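Visitor: Before I ask anything, here is the structure I am working with.
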Amino acid sequence: MAFPTETVYGLGANALEGRAVARIFEAKGRPRFNPLIVHVASLDEARAFGEFTAEAEALARAFWPGPLTLVLPRREGTGLSDLVSAGLPTVALRVPAHDGARALIAAAGVPVAAPSANRSGQVSATAAAHVEGDFGADVDMILDGGPCTAGIESSIVALTEDAAPVLLRAGGVAREGLEDVLGQPLLSPGGGSGGAVGKPQAPGMLTSHYAPRAGVRLNADAPLPGEAFLAFGPMSAPPTNASDATFLNLSESGHLREAAANLFAHLRALDASGAPVIAVAPVPYEGLGEAINDRLRRAAAPRDKPDGDV
Ligand code: TXA
Ligand code: MG
């Protein structure tokens with residue numbers, strides 16, 4: 001079943017039941033090497049499944065419930081399905097803030113494994129109608145909690161005793177806020193400042209993702225003839241070459257929080273206009289801008305590789 005969270009809609013299953021978890025992979029068309037986030041009701045419950053370092057405790061206290069996922073060493077013998085971790089010795093844990101998500105977890109009485117409720121590789125869903133459009137009858141039930149307020153997926157931080165904290169995915173909690181609590185900079189996946197070697201540590205964070213049907217052209221000051229235009233900042237009417245049907249603004253007032261909340265819905269709407277390319281205005285990198293730019297870069301990436309998903 002699909003359910004709302006403050007970030008994006010999730011496609012949930014009992015994380016203790018291998019067969020239920022397997023159905024998520026099937027419905028999404030998600031590769032089995034890509035693990036799932038386990039959603040729980042509280043920090044106490046999360047401690048039962050993952051080994052918390054002091055830094056993990058500090059982040060959880062500061063940002064849970066909310067758009068933060070912690071990747072921690074997995075405890076043995078908890079009954080969690082092995083599939084949720086896709087063979088890794090770690091587990092991704094999150095306590096969502098959305099009332100609908102919390103009610104679902106409470107009613108289920110079990111940890112809920114859930115990826116974003118979109119087909120693998122495509123744009124995430126921030127409204128019940130997006131989920132319905134993507135899955136139709138393949139999802140038996142959608143809990144409609146209205147549009148997601150944060151609109152961009154959780155930030156993912158990996159924490160183990162023997163390594164410095166790594167920001168596996170920029171998301172709904174800005175890097176600056178996380179680093180303030182940790183008192184140290186977050187590393188990038190692969191170690192150091194971004195030069196990744198070896199296996200990606202968030203298997204879903206591969207290049208092409210969040211891809212609409214249309215091509216995506218980044219850092220565009222204006223649309224070319226035939227292109228749709230996704231603006232950021234003061235611009236209330238379609239520019240030359242765009243029309244009402246092919247123009248949307250992430251945030252006219254230039255607010256990154258508003259832009260994050262609008263990002264996926266606007267990409268979907270402009271995609272539906274049928275334009276072959278969506279040109280996107282530059283978005284600043286600070287705060288939530290890191291996550292917004294990350295998603296836009298993946299939306300614009302070449303799609304010829306059979307990539308993993310988020
Ligand atoms: O906001 C969110 O995080 C949403 C809502 C539904 O909670 N969920 C979400 O799930 O974005 P998903 O599956 O679309 O993205 C989860 C990411 C994937 O890139 C996956 O590879 C990574 O988390 N991940 C999950 N478990 C992991 C683990 N044990 N180690 C490293 N990465 C992990
Ligand atoms: Mg996803």
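The values are calculated or read from the model by the stated rules, or taken from the named source; none is laboratory data. All values derive from a computational prediction rather than experimental measurement. Positions of Cβ are backbone-derived with ideal geometry, glycine not excepted, and every protein chain shown enters the neighbour counts.
Visitor: For the range 258-282, name all the residues that are in contact (Cβ under 8 Å) with a residue 40 or more places away in the chain and in a helix (DSSP H, G or I).
Guide: ALA260, ALA261, ASN262, LEU263, PHE264, ALA265, LEU267, ARG268, LEU270, ASP271
Visitor: Give the residues of the range 30-85 that are of a type in the set (Val, Ile, Thr) and not in a loop (DSSP other than H, G, I, E, B), sorted by residue number.
Guide: Correct list: ILE37, VAL38, THR69, VAL71, VAL84.
Visitor: Now a separate question. Do the conditions hold for VAL8, that is, is it at negative phi, modelled with pLDDT of 95 or more and in a loop (DSSP other than H, G, I, E, B)?
Guide: For VAL8, the condition - at negative phi, modelled with pLDDT of 95 or more and in a loop (DSSP other than H, G, I, E, B) - is met.
Visitor: Which count do you get for residues in the range 262-279 that are surrounded by 24 or more Cβ atoms within 10 Å (Cβ to Cβ), farther than 13 Å from ALA211 by Cα and under 20 Å from the mean Cα position of the chain (by Cα)?
Guide: Residues that pass the stated criteria total 0.
Visitor: So which residues in the range 101-117 are touching a residue at least 60 places away in the same chain (Cβ under 8 Å), assigned to a helix (DSSP H, G or I) and either touching a Leu at 6+ places or on another chain (Cβ under 9 Å) or within 11 Å of ligand 1 (Cβ to nearest atom) (or both), if there are any at all?
Guide: ALA101, LEU104
Visitor: Kindly indicate whether ASP44 is without any contact (Cβ under 8 Å) to a residue 12 or more places away in the chain and either surrounded by fewer than 24 Cβ atoms within 10 Å (Cβ to Cβ) or closer than 25 Å to GLY145 by Cα (or both).
Guide: On the way: without any contact (Cβ under 8 Å) to a residue 12 or more places away in the chain: yes; either surrounded by fewer than 24 Cβ atoms within 10 Å (Cβ to Cβ) or closer than 25 Å to GLY145 by Cα (or both): yes.
When the stated conditions are applied, ASP44 passes them.
Visitor: Show the residue pairs that are 6+ apart or on different chains and have beta-carbon atoms under 7 Å apart, the first residue being within the range 209-225 and of a type in the set (Gly, Ala, Ser), the second being part of a strand (DSSP E or B) and modelled with pLDDT under 95.
Guide: Going by the 7 Å Cβ cut-off, the qualifying pairs are ALA211/GLN122.
Visitor: Output the number of residues of the range 86-100 satisfying the condition of being surrounded by fewer than 17 Cβ atoms within 10 Å (Cβ to Cβ) and either outside any helix (DSSP H, G or I) or within 16 Å of ligand 2 (Cβ to nearest atom) (or both).
Guide: Residues meeting the conditions: 2.
Visitor: Go through (1) free of Cβ contacts under 8 Å to residues at least 24 places away in the same chain; (2) closer than 30 Å to PRO89 by Cα; (3) touching a Lys or Arg at 6+ places or on another chain (Cβ under 8 Å) and name the single condition ASP134 misses.
Guide: Unmet condition: (2).
Visitor: Exactly one of (1) within 16 Å of ligand 2 (Cβ to nearest atom); (2) under 14 Å from ARG102 (Cα atoms) is unmet by ALA41. Its number?
Guide: Unmet condition: (1).
Visitor: Would you mind stating whether GLY121 is at positive phi, crowded, with 19+ Cβ neighbours inside 10 Å and away from ligand 2 (no atom under 16 Å from the Cβ)?
Guide: Here the answer is no, as GLY121 does not meet what is asked.
Visitor: Pick from GLY145, GLY151: which is more than 16 Å from ligand 2 (Cβ to nearest atom), part of a loop (DSSP other than H, G, I, E, B) and among the small types (Gly, Ala, Ser)?
Guide: Among GLY145, GLY151, only GLY145 is more than 16 Å from ligand 2 (Cβ to nearest atom), part of a loop (DSSP other than H, G, I, E, B) and among the small types (Gly, Ala, Ser).
Visitor: Please state which one of LEU167, LEU159, LEU178 is closer than 25 Å to GLU286 by Cα, crowded, with 17+ Cβ neighbours inside 10 Å, of a type outside the set (Lys, Arg) and without any contact (Cβ under 8 Å) to a residue 40 or more places away in the chain.
Guide: LEU167
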